[in-house]
Amino acid sequence: NLPGIVMADKPKGGHALFVVAGIGAGVLATIRLLRKFRQPAPPLSDEGSLKTIKASKEERQAEERQGATNAAAIAASLSAEDKKRYALECDNRYRRVAGFEQPQVVVRGGEGWSEGRDEEVVSKEAVFTVPCLLTAEECRLLIQKAEQARFEEGDFVYVTGKGGRKREPTGGKRNSATMLVEDLEFHKTIEKRLSPHVPKVLRDGRRFVGLSGQFLVSRYQPGQHFAPHFDGALILKGGKGDGTMSVFTTVIYLSDDFEGGSTLYLPGQGSEVASPVSVKPPKGSAVIHRCGTVLHAGEQVGIYSHSAIKTLDASALGHSDTCQVILPLHMTWKVKRGVKYITQFGLYYTTETAPGCQPPTAYRLRWGA
């Protein structure tokens with residue numbers, strides 16, 4: 001049963017020749033296949049610019065009337081009760097994930113669910129990490145291109161409807177700068193690097209087909225956050241992705257020199273998470289979670305636990321930019337600074353399930369607390 005060997009009638013004096021030739025062909029084919037898969041994806045180019053997908057003038061005006069781009073809807077505008085529920089700060093209740101040298105499962109599939117929901121667990125991992133998808137230089141280039149293309153500021157999230165992507169106001173639950181982007185080079189590079197680490201076949205028979213063609217790049221300044229929510233997972237109809245749906249969301253951290261800003265995974269409200277987890281990947285690494293069934297939040301960036309805050313020239317402290325310096329009661333100076341940059345995209349799978357399995361469920365983005 002070796003590859004390349006064809007069963008045939010035994011020719012006189014020539015059987016060994018047929019076997020050797022068959023084995024030789026099989027070995028050569030295997031070598032070619034290994035070379036193909038081992039060939040690394042080329043580094044991202046510093047040429048060109050990001051193709052951003054922005055709303056038309058009419059769409060923007062309609063969204064502004066709805067308050068979808070209210071840049072003033074920050075954490076400070078929330079009530080004390082809502083701030084506690086939405087603008088979260090990681091504390092000692094959270095298990096902090098460390099060690100990003102190898103891929104690791106952070107939350108097992110269905111870990112937070114009670115018995116009787118086994119059929120809903122479609123993969124052994126609900127949250128997992130993948131290190132070193134982008135180099136530090138590639139992260140810098142992507143941030144640079146995003147800044148040049150100009151982020152969209154405001155209190156909104158992108159939702160997918162019949163007319164495509166649109167912006168929906170959140171009422172202060174999310175505030176950051178973001179953009180929706182198409183970039184073929186980025187898509188091909190990340191797909192090649194990430195594909196070996198994602199589930200190829202889910203337990204219900206659905207198969208991995210690739211990454212979404214569009215991705216988000218987001219910037220979080222100090223004080224900005226993303227309240228607890230479940231990601232949407234819609235079945236695509238028409239176009240290149242017809243008949244596929246997003247099953248996982250990938251979050252690649254493009255920077256790591258900031259305080260706070262972890263991705264927090266939360267229990268309750270139907271989440272697969274059993275206990276709170278805080279994940280803050282190093283620059284270029286990713287955390288990946290299930291759509292629709294994993295409650296998560298973007299922790300506030302630049303959390304200050306003391307009331308005495310002063311701004312000074314950071315060069316006195318050996319930093320290149322302005323920092324906010326906290327003067328706690330014992331007068332120890334503590335500097336917290338930095339901006340969080342991330343990029344996000346979906347991992348898409350077929351929607352056809354194995355015999356006896358339920359068809360997949362589509363989800364809209366749902367807010368939690």
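Any residue in region 176-194 that is closer than 16 Å to VAL217 by Cα sitting within a Cβ distance under 7 Å of a residue that is open to solvent by less than 60 Å² (accessible area, probe 1.4 Å) and part of a helix (DSSP H, G or I)? List the pairs, counting only those 6 or more apart or interchain.
Cβ pairs passing all conditions: MET179/ALA146; MET179/ALA149.
Of everything in region 266-295 that's open to solvent by 10 Å² or more (accessible area, probe 1.4 Å) and not in a loop (DSSP other than H, G, I, E, B), which residue is farthest from GLY110 (Cα to Cα)?
LEU266
Might you let me know whether region 107-121 holds any residue that is under 30 Å from GLU185 (Cα atoms) and among the aromatic types (Phe, Trp, Tyr)?
Looking only at region 107-121, we keep the residues that are under 30 Å from GLU185 (Cα atoms), and these are none.
Looking for residues that are under 30 Å from GLU185 (Cα atoms) and among the aromatic types (Phe, Trp, Tyr), one finds none in region 107-121, hence no.
Take the residues of region 77-97 that are open to solvent by less than 80 Å² (accessible area, probe 1.4 Å) and part of a loop (DSSP other than H, G, I, E, B): which is farthest from ALA227 (Cα to Cα)?
Filtering region 77-97 for residues open to solvent by less than 80 Å² (accessible area, probe 1.4 Å) gives 77-79, 82, 86-88, 90-91, 94, 97.
Those left that are additionally part of a loop (DSSP other than H, G, I, E, B): 78-79, 87-88, 90-91, 94, 97.
Working: LEU78: 11, SER79: 14, ALA87: 6, LEU88: 7, CYS90: 13, ASP91: 16, TYR94: 16, VAL97: 20 Å.
If we take residues in region 77-97 being open to solvent by less than 80 Å² (accessible area, probe 1.4 Å) and part of a loop (DSSP other than H, G, I, E, B), then VAL97 is farthest from ALA227 (Cα to Cα).
Return the only residue of SER218, SER262, SER246, SER195 being under 15 Å from the mean Cα position of the chain (by Cα), among the small types (Gly, Ala, Ser) and farther than 25 Å from ASN175 by Cα.
It is SER195.
Need pairs with beta-carbon distance below 9 Å; first residue over 30 Å from ALA227 (Cβ atoms) and among the aliphatic types (A, V, I, L, M) and within region 354-369, second modelled with pLDDT of 90 or more and surrounded by 11 or more Cβ atoms within 10 Å (Cβ to Cβ); sequence gap 6+ or separate chains.
ALA354/ARG203; ALA354/ASP204; ALA354/GLY205; ALA354/ARG206
Among (1) at pLDDT below 95; (2) touching a Lys or Arg at 6+ places or on another chain (Cβ under 9 Å); (3) buried (at least 18 other Cβ atoms within 10 Å of the Cβ); (4) under 25 Å from ARG108 (Cβ atoms), there is one condition SER262 misses while meeting the rest; what is its number?
Evaluating SER262 over (1) at pLDDT below 95; (2) touching a Lys or Arg at 6+ places or on another chain (Cβ under 9 Å); (3) buried (at least 18 other Cβ atoms within 10 Å of the Cβ); (4) under 25 Å from ARG108 (Cβ atoms) leaves (1) as the failure.
Among the residues of region 115-129, is there at least one that is over 30 Å from CYS357 (Cβ atoms) and open to solvent by 20 Å² or more (accessible area, probe 1.4 Å)?
No - not one qualifying residue is present in region 115-129.
Would you list the strands (runs of 3 or more DSSP E) that sit entirely within region 148-211 and hold 3 or more residues that are of a type outside the set (Asp, Glu) and open to solvent by less than 20 Å² (accessible area, probe 1.4 Å)?
The qualifying strands (runs of 3 or more DSSP E) are 156-161, 174-182.
The values are calculated or read from the model by the stated rules, or taken from the named source; none is laboratory data. Being a predicted model, the structure only gives us computed values, none of them experimental. Ideal geometry is used to build each Cβ from the backbone, glycine not excepted, and the neighbour counts take in all protein chains shown. These accessible areas exclude ligands, DNA and RNA; they are computed on the full protein's heavy atoms, side chains included. Shrake-Rupley method; radii C 1.70, N 1.55, O 1.52, S 1.80 Å.
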